[in-house]
1. What are the ³J(HN,Hα) couplings of the stretch 222-232, residue after residue, when phi is run through the Karplus curve with 6.51, -1.76, 1.60 and θ = phi - 60°? Round to Hz, x for glycine and proline.
2. State the answer as a single residue: which of PRO775, TYR398, SER642 lies farthest towards the positive end of the charge dipole of the chain, with beta carbon charges of +1 for Lys and Arg and -1 for Asp and Glu, about the Cα centre.
3. Provide the percentage of antiparallel DSSP beta bridges, counting only those with both residues in the stretch 503-600; round to the nearest 5.
4. Using the Cα gyration tensor of the stretch 503-600, with a ≥ b ≥ c the square roots of its eigenvalues, what is the shape: rounded (a/c below 1.5), prolate (a/b larger than b/c) or oblate (neither)?
5. What ³J(HN,Hα) values, in whole Hz, does the Karplus curve 6.51 cos²θ - 1.76 cosθ + 1.60 give for the stretch 47-55 when θ = phi - 60°, with x put for Gly and Pro?
6. Please compute the per residue accessible area over the chain with all protein chains in place, 1.4 Å probe, rounded to a whole number of Å².
7. HN-Hα J couplings of the stretch 525-534 from phi, Karplus 6.51/-1.76/1.60, θ = phi - 60°, integer Hz, Gly and Pro as x?
8. Show me the GluC sites (Glu not before Pro) within the stretch 547-623 that DSSP assigns to loop and that have at most 13 other Cβ atoms within 10 Å of their Cβ.
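The values are calculated or read from the model by the stated rules, or taken from the named source; none is laboratory data. These figures come from a predicted structure and were not determined experimentally. No Cβ is skipped: glycine too gets one built from the backbone with ideal geometry, and neighbour counts run over all protein chains shown. Each accessible area value is taken on the protein alone, full model and side chains, heavy atoms only, with ligands, DNA and RNA left out. Shrake-Rupley method; radii C 1.70, N 1.55, O 1.52, S 1.80 Å.
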Amino acid sequence: MLKALEKFPAEEYALPFFKEHGYVRKLCPRCKTFFWTLNPEQETCGEARAEGCATYTFIGNSPTKRSFTLREMREAFLSFFEKHGHTRIKPYPVVARWRDDIYLTHASIIDFQPYVTEGIAPPPANPLVIVQPCIRLVDITNTGPTFGKYLTIFEMGGHHAFNYPDKEVYWKDQTVRYHHIFATEELGIKPEEITYKEEVWSGGGNAGPCLECVVRGLEAATLVFMQYKVVGNQFIKLPIRTVDTGYGIERYAWLSQGAPSAFHTIYGEVLDRIFEMAGITNLDTNLLAKVAKTSALVSLEKAASLMEARRKIAKILEVEAEMLDKILSPIENAFAVADHTKCLSFILAEGVVPSNIQEGYLARLLFRRIYRLLRLLGITDRLYDIFDMQIRYWSQDYPHLKEMRDEIMEMLHAEEEKFKETISRGGSLVKRITEELKSRGFKKIPVETLTELYDSHGLPPEIVKEMVEAEGLAVEVPENFYSLVAERHMQTRKATEEVEHEKWTEDEVAGLPATEELYYKDQYMTSFEAKVLKTFKDKYVVLDKTCFYPEGGGQPADTGFLMFDGGKVEVVNVQKVGKVIVHEVKGENLPKAGSLIKGFIDWDRRYALMKSHTATHIVNAAARRVLGQHVWQFGTQKGVESSRLDISHYRHLTREEVQKIELLANEAVFRNIPVEISWMPRTEAENLYGFRLYQGGAVPGKEIRVVKIGDWEVEACAGTHVRNTGEIGFIKIIHSERIQDGVERLEYSVGIQALKAVQRVEGLLWRVSEILNSPLEKLDKTAEKMVRDLKEANAERRRLIKEIARLESLSMGAKTETATIREVSGIKLILRDFGEEVDVNRMVQTANEITKKDDFAVTIFYGADEKTARIIVMAGQKAVEKGVDANEIAKEASKIIGGGGGGRRNFAQGGGPLREKLQEAVKKAEEVLENQLKRE
Ligand SMILES: [Zn+2]
Ligand SMILES: [Zn+2]
């Protein structure tokens, strides 16, 4: 919130409605907030919060005329506003695919930002009403202990009006009147029970005054009047004033039921089942209700720890804090399980694959937290039952969940496997870190280390705690740990189709008109005439129109040349800067501003890129058909020879899956499907095709360009495409790999390049067929046979080596051409030059036989092939006892031949490139050995 404008002037809130009805304005002595009430006696603002202004008085004491289920409350809200001239709008996805600044929808207004609220696109209706499922992971730690005031997933009821300078719909006064009628007439709450608190609202780059509607301690709705853009430290008036209301549908339903927690209201039988699974029976609802009344004292981000809040509550209830904690902890954990499993179901149902990045990170965070809670409750084995239950329960209102059930279960299975792997791999890492910290005198593991272990290695702090405490180091996990890490990952920038440009290019093109995009008029245009508007820095040309496609959406820029009176320049790069297209050229002299040019694009290259681009859409859709609805384009790069598409998926692609995708993609090619392109208002396109449109990320602007390949695929896309899929000819997937957890890469070629890729592989097969002297169709059998023969031959070879070693060891008493034997201080030293036959295996085997037979033997074997010199030292047991250390001998000797070596006391080896020094190294080895024996 801005310091400069911490409070709006009083007149911003002094509405005719308040005067008419006789409200008085007062200042709350506890939280220092102004509020409006019909009750002149009211002292505080009446909101139950950590500052202690009030407690909940609706628990077991509903203020409404009747009790509403969540579904009834949702419908009551929607139909009330429909009755009052609002158009009902379907909820948007919880994954905010249309935005490039956030991952999850956390308020209903998110649906209309930024294009509607900034006046770029018209709203789908005006005024409108919507109930939007929202996700707020920053509240993850507060969820259980606040009894449902905070939830990670909740439904926000929004009635929105967009007021334009020339079209006023309604503003502050009418908004408050609507709330008043809804609360009093529709729900039957007495007017004097509603307090309106004055607040300043700021979020998402916008701000304005707001009124919080408090009923019996609970803030049930927030009425925001968005009218400023926040720029730096200033509020700048927006041309459009937006009524942004947020009615807590769960909170109103909770109020109406007066239930001991919001979870009772929201989850009903699902919560009962979770309690049952966790063995939470004989629930003391009386105690629970008492705790609920004071539960607003808990607020984990406001410094006070959970235990502190517990103590406060225990004091009020006159019970022991530890005992209270014992009773409440499992109940709150069960609450959180209910909330988090619903939340994750919604996220997964929209095709988010848990991973280490972007929204996948948030999904994984939820999963790990759920797992932790289930562990605490001792019911990790019920994970799938609970998800199954949630999906069934919420499918009644959100049917898309049911359609995604199997995929959700699959993703959960994959995620559980990965989690278990992480933990088993994490043990040694944590051990290493612990040792290091201990050696540096740490008594406690720092919070940064915990965060690092979670962020980079996926290890939850509770697991680390268990591992570390066994090693004798203390761990304090911050209670709001998950809120902290979630917050850090809420607003990372997403990849978009836009290319960033440097400031100086923006300055150069400022004031120039938008370039006419001829490649959109006719994607098959190869040449054109245009006027030069500006040239700069001896290599940039701006034209009034062009058919050179600028780099964007993973499609590279066109190349070609410009001809003009007295010259010709090559176009090497094309970029779109704002609405102006800039050609980077190479040539002796540039055309003059105001002159005419003729442009020619390298059509072969562009046509290949068009095929690649359309093929990318086709492969993406094929992957989705084969792997499931969770498949989204993660990134793409089109090329002439090959292109790649990265997709979200939770497992390694199998060869069969890749082949299925390839087959399906080619079927789409062979069907010769027309590719239709149209510009559409964004809301219309979203309604018609859904949010799948945004495969390439958020797309800016009032109208979006929709590329539709029959019934195969529809995407918002700015690229150039072929008219019919048949023009692609052939798609060949040449490679697939995992590029990071949750993202798989497909690489493919199209058309003639695809054929060439097949020919390359075929050529390879022919070559192998020649080498193995076997016809192609028998190649696999031949290869199998050869591998089998080779294995047998190797086994035979090993047996022979052993036999030779045995025979050689028998004759070791005798000096031969290549071996010398001598006594050194009671040790039998056998030196042997293996010449160029450096077969390490054989050398080791022979040495082994010798030292096994004679405990006093020490062998020093050596040899050198054309590349390296090697030396192998082995010592019998008695020799070792007498002080021989093979490790030292090998190390010292290897130094001389310019390499390294080492091993154990009884066996070591080394090597190096200086073959000519081998004899010197052997001398050294003998010397070291003699010294070792002298030491005795
Ligand atoms: Zn207050
Ligand atoms: Zn595209």
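1. Calculated HN-Hα couplings, in order: 10, 10, 9, 10, 7, 9, 10, 9, 8, 10, x Hz.
2. PRO775
3. Numbers: 29 of 31 bridges.
For the stretch 503-600, the DSSP antiparallel bridge percentage is about 95.
4. Because its axes are fairly even, with a/c under 1.5, the stretch 503-600 counts as rounded.
5. So the J values, rounded to whole Hz, are 8, 6, 7, 4, 5, x, 5, 6, 10.
6. Values: 41440 Å² over 936 residues.
Roughly 44 Å² per residue, with all protein chains present.
7. 6, 10, 9, 7, 10, 7, 9, 7, 8, 6
8. Values: sites: GLU551, GLU570, GLU584, GLU588; in loops: GLU551, GLU588.
The qualifying sites are GLU588.
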